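The values are calculated or read from the model by the stated rules, or taken from the named source; none is laboratory data. No experiment lies behind these values; they were computed from the predicted model shown. A quick note on method: Cβ atoms are made from the backbone with ideal geometry, for glycine too, and the neighbour counts reach across all protein chains shown.
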Amino acid sequence: MAHDNFAAYRLPLVRLERTPAAARTAIIALLVVGVIGFVASVLTDPTRAWRAYLYNWLFFTSIAQGAIIFSAATIMARGVWARGIRRIAQSTMGFLPIAFVLLIPIFFVGGKVFPWVEHPVPGKDVWLNIPFLAVRSLVLLGILFYLSSRFVYWSLRPDAGALRDRVPDRLRGVYDRLTRNWQGQAVEEERAERNLSRLGPALALVYAVAFSFVAWDYVMSLEPHWFSTLIGPYFFMGAFLGGIALTALTAVICRGTLGLEKALVPPQFHDLGKMTFGFCVFWAYMFWSQYIVIWYGQLPWEQAFLIHRLSKPYGPFALFVFLGLFVIPFFGLLGVKPKKTPSILATFAALILFALWIERYVLVYPSLYLPDTGAVTIGWQEIVTALPFAGLLLMSMVNFATRFPILQQWIPSADKEILLTSGEPVEAVAGD
Amino acid sequence: MATVIRSETHPGIRSYEEVNRDVLKLMSRPGRAYFILLAAILAVLGLGIFAWMVQIVLGIGMSGLINPVGWGAYITTFVFWVGIAHSGTLISAVLLLFRARWRQSIYRAAEAMTVFAVLTAGLFPIIHLGRPWIFYYLLPLPNQRGLWPNFRSPLLWDVFAVSTYLTVSATFFYIGMIPDIAAARDATTVPWRKKLYSILSLGWRGTDREWKNFTRAYLYLAALATPLVLSVHSVVSWDFAMSIVPGWHTTIFAPYFVAGAIFSGLAMVITLLVPIRKIFGLQEYFTIRHFEMMAKLILVTSLVVTYAYATEYFMAWYSFETPERHVFWNRLFGDYWWATWIMILCNAGVPILLWFKKVRTSIPALFVITIFINIGMWFERFVIIITSLAQEYEPWQWQNYQPSWVEMSILLGSFAWFFLWFLLFMRVLPAVSIAELKEVLPVPLRFGRRGARSAGAHGSEEGRGNE
C-alpha cells in the first residue's frame, strides 16, 4: 500500500494468539457446573428447569443477535466513529448457530413451558400449537442467523485476505475458506462493501420480523389472552440495547487484554457511551409507551399482565429492571467523563446486561408462575441454567477473537469520504 | 496538499464568499412570480378564513361532525400538521447530535417548516372547539369559578406537549439563526431590514467568546429538543390510545405515530425544497445527496409504519376480540375501504420505489412520491379517527361521517397559511445556514486557496483556520 492515503486511519490486524488460560478455565467451569446444575434441576423439577431454560435462551440469544445488529447499524449509518468496535460486536456470531440448536429442545418440552399446550385457547390453537410454532421459529431464526453469518463473513473477508499468508497452520483451512475465489484486495473491498450494503437492510428487516415473532411466541403467548402490539419492538429494542452493552463491555476487556489503547480511544468510548445512554432512554420510552396505555385503559385482560408483574414477589424485580435499565444508567452516564472512562462505562454495561437478564425473567416467569398461585423467584435453578449459556457465549466470542482480527482494517470507500472531512481522531496507528 | 478540496456534500460551492452572496441574495427584491404566488396563497387562505367565519356564525353544525364521530377532519388535520412538524427538529437537532454530515444546508428550511407547521396545527383544536373564544379553558389558569382542566386527560397533556414543542423549536430555530442574522445585518442597506436584523442579532460580533457560548447553547438546546421529537407525537397518539375505542387503544401507537410523523415531515421537506431549489436557484446548496439521504430516512420510517400496520392487523386477529376484529375488517372492506387503501398504498406501497438508487436520486420522482406520502399520511389519520369512531362497540350507534365543504376549505386554508409563513420567511430570514455551511466547506487558508473574505459576522471563523 505505497500510496495509501488512509494509512493513518487503518487499524492494526490484532488477533488473540491463543485462548487465555483464565478464559479457558472460566468456560470449562461454566459449562461443567452449568450442565451438572441443569441436569440436577431437570431431575428435581423439570417444569421449572425448562422455564428457566427458556428465559435464559431468550436473554443470551437477544444479546448475541443484538450485538450483530448493532454492528450492522453502525455500518449502514456510516458511523465511522465505531470502526474500532464493529468487529468486536460481531464476535458473538458463533453463538447464533448454537442458539438455533438450543431452541429445539423447547419444542419437545412445550407442555412444561407453554400454558396453551395443556389448556388450548379455543380458536387461537390455530396459531398456538407446537408444530406451527416450531416451523415459524426455526424458519425465521434460520434466515436471520444465516443473514447474520453472511454479513459477518463479508465484513471479515477483506481482512482475511490481508492476513491470509500470516496465520498459523491451524487456521489455514478457515482462512482458505474465507478467501475462496480471492480477486485481489481492491476488488474484494469493493465487493464486500457492495454486499454489505445489500445485506445490511435485509438483516435489519428480518431481525425486526423474526424477533417480533420471538416476542409474540415466547413472551406474549405465555399469557394466552394477553396481547400488545408493542411487545415486538419493545423486545427487539431491548435486545439491541443488550447488544450495545455487551459490545461496550467486550470492547473494554479487549482494550486491556489485547493492548488496543491506541486503537480504541476515549472519543470512541464517549460515542459508545452515548449510544448506551441513548438506547437506555429509548428502552424506557418503549417500556413507558406500553405501560401507560395499558395502565390508563384499565381493561382487565390487558392489566393482568401488569398486575402479575407488579405484585409480590415480582414487584421488586420489575422495579430493579426499571432502575437498572433506565434510572441508574441515565444519571450515571449523563456526564462526559463516565462515558469516556472505559472502566466506568464497562461497569454500567455490566449492570445493564444484568438488568436485562432480570428483565427477561420478569417477562417470562410471572406469566407462568402466577403471583397468587405460587410465584417463583430467582433461585439456584435459574442461576445454574444461565451458566452453560454464558459459557457457550464466552466460548464463541473467545473463539472468534483467536481466529479473526478483532479490529476491522479495511475501510469502505463511503467511510473514507467521511473520514477525510469529519475530524475523527487519527490516533490509531497501523500495525503493519 | 490534501486530496479533497471540495465539500463532499456541496461540491458546487467554491468559497465562503459565495455562500454569503447566494444566501443573502434570497432576501433581496423578489420577482413577480413571488407576488403571484403570494396572491394565490392569500386567496386560498381567504377561503379558509371565510369558511371558519361561517362556522363561527352558524355553529359547529356546519362541519360534518355527527354523533358518534365527534372528531373529524379537524383533528385529522391537527395530527397531520403536528406530524409535519417533526422532521425539522429531527434534521436540525437529532442529526446534529449524530454528527450527520449532510444536514447543514437544509436544516434551516426544515426547522422553519417545523415552527410553521406547529403554528398551523395549533389552530385546529381551537377551530374544532366551535366556540374558539373560550379556548383558554384549556389552560390551567386560576379563575374565580374554581374550574380546572382535567389533568388526567391526554387532551390537556397535548396542550402542554405541543406548546412546549413550539417554544423549544422556535427557540432553537432562532438561536441557531443569530450569526446568520448578523451577517444579513452587515450586508443589508435597506433601513427597515437593518433595524430588524440589528435587534434580532442581539449585537452579535462573532468574537471567540460569543462563538463558544453560542455553540454550547446550541448543543444543549439540541439535546433538549431531541426527546421532544419522541414525546410530542407520543402524547398526540395517546389522545387516542388512552381511550378504549377499538382501533385506538393499542400500545404501539406512540412509536408508530412518531415514525409516521417523521415520515410525513421528511416527505413535506422534499415537497417544499424541490420547488424552492428550482425557483431560487439553490441547486448547489440542496444537492442530490441531501435528497438521497432524506429519501433513505423516508424509506426507513415507511418500513416502521408498515410494520405497525401489519402488527395492528395481526394483533386484531390474534386478540379474538370481536370489536377489535370488526374495526380492522371494516377499515379494509367497509364503507371507508377507499381511505384505508389510499393510506396503505401511499405509505407502505409507493415508498417501496425508494429501494432503488435511481429513484432516490431523481428529484422529479422524489417530488411525486412525497406528494403521495403527504396524501397518504393525511388519510392515515383520517382512517384511524373516523373508522374507529363510526363503528364503535354498539351497532345501533353506528353512523358514518362525511367532511363538509367548511372542513375541506379550512383544510385548504391551512396549507395556504403554512405556505404563507414559509414564503415570508424565505424573504426575511436567511433560509440556509451560512455559518454552519461554512463548517463543512474546505477552509480557504488551509488549502492554499485564494482567501475568501466573508462578511464581518464570521470573521472569527477564518481565524480558526489559521490557528
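Tell me, please, whether a residue that is modelled with pLDDT under 90, over 30 Å from A:ARG15 (Cβ atoms) and of a type outside the set (A, V, I, L, M) can be found in the stretch A:258-270. Looking through the stretch A:258-270, none of the residues is modelled with pLDDT under 90, over 30 Å from A:ARG15 (Cβ atoms) and of a type outside the set (A, V, I, L, M).
What tally of residues in the stretch B:228-250 results from selecting those that are polar (S, T, N, Q), closer than 30 Å to B:ALA170 by Cβ and more than 7 Å from chain A (Cβ to nearest Cβ)? Step through it out loud before you land on a result.
Keep residues of the stretch B:228-250 that are polar (S, T, N, Q), which gives B:231, B:234, B:237, B:243, B:250.
In the following step, the residues that additionally are closer than 30 Å to B:ALA170 by Cβ were identified as B:231, B:234, B:237.
Of the ones still in play, those that are also more than 7 Å from chain A (Cβ to nearest Cβ) are B:231, B:237.
Number satisfying all stated conditions: 2.
With respect to being within 20 Å of A:TYR285 (Cα to Cα) and either in contact (Cβ under 8 Å) with a residue 60 or more places away in the chain or not small (Gly, Ala, Ser) (or both), B:ILE262 fits the description. Against the criterion of being within 30 Å of B:PRO30 (Cα to Cα), of a type outside the set (Asp, Glu) and in contact (Cβ under 8 Å) with a residue 12 or more places away in the chain, B:THR271 qualifies.
Of all residues in the stretch B:358-380, at least one satisfies being within 15 Å of B:MET294 (Cα to Cα), within 14 Å of chain A (Cβ to nearest Cβ) and not polar (S, T, N, Q). Against the test of being polar (S, T, N, Q), in contact (Cβ under 8 Å) with a residue 40 or more places away in the chain and farther than 30 Å from A:PRO12 by Cβ, the options A:SER148, A:SER137, A:SER155, A:SER197 yield a single qualifying residue, A:SER137.
When residues in the stretch B:280-310 are screened for being at the interface with chain A (Cβ under 10 Å from one of its Cβ atoms) and either part of a loop (DSSP other than H, G, I, E, B) or small (Gly, Ala, Ser) (or both), 2 of them pass. Given the structure, is B:TRP337 surrounded by 19 or more Cβ atoms within 10 Å (Cβ to Cβ) and either farther than 20 Å from B:LEU266 by Cβ or within 21 Å of the chain's Cα centre (by Cα) (or both)? Criteria not met by B:TRP337. Scanning the stretch B:184-220 for residues that are part of a helix (DSSP H, G or I), of a type in the set (S, T, N, Q) and free of Cβ contacts under 8 Å to residues at least 12 places away in the same chain yields a count of 2.
Among the residues of the stretch A:402-430, those identified as modelled with pLDDT under 65 and assigned to a loop (DSSP other than H, G, I, E, B) are A:GLY423, A:GLU424, A:PRO425, A:VAL426, A:GLU427, A:ALA428, A:VAL429, A:ALA430. Assuming A:VAL39 fulfils every condition listed in (1) surrounded by 13 or more Cβ atoms within 10 Å (Cβ to Cβ); (2) among the β-branched types (Val, Ile, Thr); (3) part of a helix (DSSP H, G or I) apart from one, which condition is it? All conditions pass for A:VAL39, except number (1).
For A:PHE70, the criteria (1) farther than 30 Å from A:LEU205 by Cα; (2) part of a helix (DSSP H, G or I) hold in every case but one, which is (1). One residue alone among A:ALA52, A:ALA73 is in contact with an Asp or Glu (Cβ under 8 Å, 6 or more places away or on another chain) and in contact (Cβ under 8 Å) with a residue 12 or more places away in the chain, and that residue is A:ALA52.
For the stretch B:311-331, the candidate set comprises residues that are more than 9 Å from chain A (Cβ to nearest Cβ) and surrounded by fewer than 20 Cβ atoms within 10 Å (Cβ to Cβ); within that set, the residue that is farthest from B:ALA390 (Cα to Cα) is B:TYR313.
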